[in-house]
Every structure is written in structure tokens, then in C-alpha cells.
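Trainee: A single structure is presented below for examination.
The values are calculated or read from the model by the stated rules, or taken from the named source; none is laboratory data. Just so it is clear, the structure is predicted and the values come from calculations on it, not from any experiment. Every residue, glycine among them, receives a Cβ derived from its backbone with ideal geometry; neighbour counts consider all protein chains shown.
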Amino acid sequence: MSSNNSAIPSKKYQRLVETARDLFMRYGIKRVTVEEICETAGVSKMTFYKHFNNKIDLALFILNRIFDEGVHRYKKIMNRDVPFAEKAGEIIQMKLELSEDISREMAKDILDSQIPEVAELMRKIIEDNFNLFLNDMISAQKKGEIRSDLNPHFIMYMLGQMQVMAADERVLSMYKSTQALTSEMVNFFFYGILSGREK
């Protein structure tokens, strides 16, 4: 994957990345072209290819950045010395903010990707974050903040199933937006696992 090599990204580079992120979020990766990205950003194709090999290369760069930002925010929340219920509320808010601009097309391109490179990136991200989240669930359960009658591995399995559901057209059609679906799922998940004293 290519990226900007200079220490301080140029304004054109920043505009290119920000424009591509906005277009991908609105229309999905498959529907957006390099031409549309360059035209909307007001940069030449030469500038595009100076930094990225192709559209997928740019999409992977943006997705990596989005998920890195999410993991950083998640860790910051989980490291706070507050009850798990409060952390759950903050994580819900974070998930809603991250999903705010994601269209159905982009959600499908991410969650049920027919683009091999995106599918592989998603597999890696899920794998990398699985143990992080599982360990946090086990730790919270030991403190009595998560229901003791739930198997943490089952919780993780259900999270995976919710991801599959989020790409299902039948589930998507039940909601006005991706954010509404995310809100329902995250609330259902977090408030379903909290122990009685944490709710």
C-alpha cells in the first residue's frame, strides 16, 4: 500500500484523502472512480498516482486510518477508571459517531466485501481486535460488571453474527439509516451483557 512519504502531507494530498473518504462513505468503494475522486478534490491523476497505486490502495489506506482511530478511542475509554456501564455508554456513542457518515453501500462494501483486498483487511482487523475485546470482557466479568452467566467466547461469537447481520439486506431494510441499525445493535449488545448492578 502506498502512502505519502513526506513528513508533512501536502494540501493536495490531504484534500485527495479527505475527498475520497467522503465519497467512499457516501457511495461505497465500488461505485466511486479515480476520476471522480480527482475531479471532486481538484487534483490531477498524476497527483493521485504519485501517492496511491489505485482506488483500492487508497480505500485500504482510509479504512486502516478509520479503524486505527477507532481502536485508539476504544483503548482510551477502556483505560478510564470508571464503571463498565459508563464505558459501554461511551463506546456506544463512539460507534454511533463512527457510523454517522457510512452509507448502506459503504457498509456492504466493508462488511460483505466482494473486493478481495477489503475482505482480507476486514479479516485481519477482526482477528487483531478479537483478543483485545475478549480480554476486556473477561476482565469486566471478573469484576462483576458483566453477567457471570455469559460465556465471553459466546459474546464474541454473537458480535461476529451481528456483523454478518449488518450486511444483510433484509436487516438493513428495517432501518432508515446505517446509524439507526448500529444504534440498535450496539445498545442491544452492551445493555444485554451488563450485570444487574451495572445497568
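Per-residue answers, yes or no, for (1) under 23 Å from residue 28 (Cβ atoms); (2) part of a helix (DSSP H, G or I); (3) assigned by TED's automatic domain parsing to the domain that holds residue 101; (4) not basic (Lys, Arg):
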{"site": "148", "(1), (2), (3), (4)": "no, no, yes, yes"}
{"site": "153", "(1), (2), (3), (4)": "no, yes, yes, yes"}
{"site": "163", "(1), (2), (3), (4)": "yes, yes, yes, yes"}
{"site": "176", "(1), (2), (3), (4)": "yes, no, yes, no"}
{"site": "182", "(1), (2), (3), (4)": "yes, yes, yes, yes"}
{"site": "189", "(1), (2), (3), (4)": "no, yes, yes, yes"}
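Trainee: Next up: Just checking, which of 145, 198 is of a type in the set (Asp, Glu), at pLDDT 75 or above and on the phi < 0 side of the Ramachandran plot?
Mentor: Sole residue among the options that is of a type in the set (Asp, Glu), at pLDDT 75 or above and on the phi < 0 side of the Ramachandran plot: 145.
Trainee: Could you say which residue among 92, 126 is free of Cβ contacts under 8 Å to residues at least 40 places away in the same chain and within 26 Å of residue 169 (Cα to Cα)?
Mentor: Going through 92, 126 in turn, the sole match is 126.
Trainee: Is it true that residue 32 is outside any helix (DSSP H, G or I) and either in contact with a helix residue (DSSP H, G or I) (Cβ under 8 Å, 6 or more places away or on another chain) or surrounded by 13 or more Cβ atoms within 10 Å (Cβ to Cβ) (or both)?
Mentor: The answer is yes for residue 32.
Trainee: Let me ask you something else. If I filter region 68-98 down to residues being at pLDDT 90 or above and among the hydrophobic types (A, V, I, L, M, F, W, C), which single residue comes out as surrounded by the fewest Cβ atoms within 10 Å (Cβ to Cβ)?
Mentor: Restricting to residues being at pLDDT 90 or above and among the hydrophobic types (A, V, I, L, M, F, W, C), the top hit is 71.
Trainee: Between a residue in region 58-78 that is farther than 25 Å from residue 89 by Cα and any residue that is among the charged types (D, E, K, R), which pairs come within a Cβ distance under 7 Å, given they are 6 or more apart or on different chains?
Mentor: That search, which allows pairs on different chains as well, returns 60/117; 62/21.
Trainee: In region 48-107, how many are hydrophobic (A, V, I, L, M, F, W, C) and not in a helix (DSSP H, G or I)?
Mentor: Here the count works out to 3.
Trainee: Kindly check whether there is at least one residue in region 126-143 that is farther than 28 Å from residue 23 by Cβ and outside any helix (DSSP H, G or I).
Mentor: yes
Trainee: Filter region 103-160 down to residues that are touching a helix residue (DSSP H, G or I) at 6+ places or on another chain (Cβ under 9 Å), over 22 Å from residue 83 (Cα atoms) and of a type in the set (Lys, Arg) and give me whichever is surrounded by the fewest Cβ atoms within 10 Å (Cβ to Cβ).
Mentor: Only one residue tops the list, namely 104.
Trainee: Now, a different point. Got a sec? Which of 29, 77 is closer than 24 Å to residue 124 by Cα and either among the basic types (Lys, Arg) or assigned by TED's automatic domain parsing to the domain that holds residue 144 (or both)?
Mentor: 77
Trainee: Are any of the residues in region 100-120 more than 21 Å from residue 20 (Cβ to Cβ) and among the small types (Gly, Ala, Ser)?
Mentor: Among the residues of region 100-120, not one is more than 21 Å from residue 20 (Cβ to Cβ) and among the small types (Gly, Ala, Ser), which makes the answer no.
Trainee: Scanning region 161-177 for residues that are polar (S, T, N, Q) and at pLDDT 75 or above, which turns out surrounded by the most Cβ atoms within 10 Å (Cβ to Cβ)?
Mentor: For region 161-177, the residue satisfying everything is 177.
Trainee: Kindly provide the set of residues from region 35-56 that are surrounded by 17 or more Cβ atoms within 10 Å (Cβ to Cβ) and over 19 Å from residue 115 (Cα atoms), ordered by number.
Mentor: 38, 41, 43, 47, 48, 51 - these are the residues of region 35-56 that are surrounded by 17 or more Cβ atoms within 10 Å (Cβ to Cβ) and over 19 Å from residue 115 (Cα atoms).
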